[in-house]
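Working notes, structure below.
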Amino acid sequence: MNSPRFILDDSAKTPDAHFWFAEPAGFTPLPVGALLPRPGSSGDDTLHTAFEPFLDSAPNDIVRQRFLGQLALVRQLLAALVEATTVHCAIGLHRDDISAPGKDGEAGGGFLFSLFTVSWRDIAPTAPAVTAARAVAGAEGHTNIEYLELPCGPASFSETIRTPNADSGLPQDPVLQVFAHLPHPDGKRLVVLTLGTTAVRRRAEYRSLLHQIAENVSFENPLLEMEALAKADGGSRPQRG
């Protein structure tokens, strides 16, 4: 059996990284820092330059203003995520391979969209197993709660289905959110993985997908382990997929 192959992101090599994870195929990370530069900074100028071709190619002012409006909504969402200690955000796009209509009457065979985020939470020093249990204990609206022992330590999973507030300006479609709470071994921090989608009928598949991501989380640099194994194997180096 062939070992799984990974494409290494530059962020995996940063010296201040605190944990590592593998993002499945179909997810595109959003450059949060590039989309939220400080006003007047060089990054702000770069962002305006990057979007100029799109604005210039718009057939009329109506389309141009619509694009700017959508961009403003995206930046507003990203700013809210960053304020909530989100450190990674990615959009998921997968083909719905079930062609028959779902139980809710929606036809399959199209595309499924999702939003994956990673957030840090500072907590009072507690044993990781206790933190995992407390993360979802008594959480309002959370269902399908389970506790697992993963390679990175204890973890808890849960999910909710919520509808955006009417005054939020968002479509009034139910949103499924699946959560994985992974306590850091130091007992002072908690990583929260969240996978959200309006494809509520695919909740089992999205829950399985988040389990897959959580099972690959590591709080120890896996690259160091790979280098050690390579040296023990006669100096061969791991290949990048």
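The values are calculated or read from the model by the stated rules, or taken from the named source; none is laboratory data. None of these values were measured; they are calculated from a predicted model. Glycine also receives a Cβ, built like all others from the backbone with ideal geometry; neighbour counts cover every protein chain displayed. To get the accessible areas, we keep the full protein, side chains included, count just its heavy atoms, and leave off ligands, DNA and RNA. Shrake-Rupley method; radii C 1.70, N 1.55, O 1.52, S 1.80 Å.
Is one or more of the residues making up segment 180-188 open to solvent by 10 Å² or more (accessible area, probe 1.4 Å) and within 13 Å of the chain's Cα centre (by Cα)?
Among the residues of segment 180-188, not one is open to solvent by 10 Å² or more (accessible area, probe 1.4 Å) and within 13 Å of the chain's Cα centre (by Cα), which makes the answer no.
Would you point out which residue out of ASN221, ASN165 is of a type in the set (S, T, N, Q), within 22 Å of TRP120 (Cβ to Cβ) and at pLDDT below 90?
Answer to the selection: ASN221.
Residues in segment 227-235: is at least one surrounded by 13 or more Cβ atoms within 10 Å (Cβ to Cβ) and modelled with pLDDT of 55 or more?
Scanning segment 227-235 turns up at least one residue that is surrounded by 13 or more Cβ atoms within 10 Å (Cβ to Cβ) and modelled with pLDDT of 55 or more.
Of all residues in segment 1-14, which are β-branched (Val, Ile, Thr) and either part of a helix (DSSP H, G or I) or modelled with pLDDT of 70 or more (or both)?
THR14
Only residues that are surrounded by 11 or more Cβ atoms within 10 Å (Cβ to Cβ), at pLDDT below 75 and not in a loop (DSSP other than H, G, I, E, B): list them for segment 15-45, please.
VAL32, ALA34, LEU35, GLY43, ASP44, ASP45, listed by residue number.
Of the conditions (1) modelled with pLDDT of 90 or more; (2) over 30 Å from GLN76 (Cβ atoms), LEU195 fails just one. Which one is it?
(2)
Going through VAL136, VAL200 one at a time, which residue ends up being open to solvent by less than 50 Å² (accessible area, probe 1.4 Å), over 24 Å from LEU77 (Cα atoms) and touching a residue at least 12 places away in the same chain (Cβ under 8 Å)?
Unique residue meeting the criteria: VAL136.
Which condition from (1) under 20 Å from SER208 (Cβ atoms); (2) open to solvent by 40 Å² or more (accessible area, probe 1.4 Å); (3) in contact (Cβ under 8 Å) with a residue 24 or more places away in the chain; (4) not hydroxyl-bearing (Ser, Thr, Tyr) is the one that ILE123 breaks?
With (1) under 20 Å from SER208 (Cβ atoms); (2) open to solvent by 40 Å² or more (accessible area, probe 1.4 Å); (3) in contact (Cβ under 8 Å) with a residue 24 or more places away in the chain; (4) not hydroxyl-bearing (Ser, Thr, Tyr) applied to ILE123, the lone miss is (1).
Of (1) more than 24 Å from PHE19 (Cβ to Cβ); (2) of a type in the set (A, V, I, L, M, F, W, C); (3) buried (at least 19 other Cβ atoms within 10 Å of the Cβ); (4) in contact (Cβ under 8 Å) with a residue 60 or more places away in the chain, LEU193 satisfies all except one. Which?
Unmet for LEU193, out of (1) more than 24 Å from PHE19 (Cβ to Cβ); (2) of a type in the set (A, V, I, L, M, F, W, C); (3) buried (at least 19 other Cβ atoms within 10 Å of the Cβ); (4) in contact (Cβ under 8 Å) with a residue 60 or more places away in the chain: (1).
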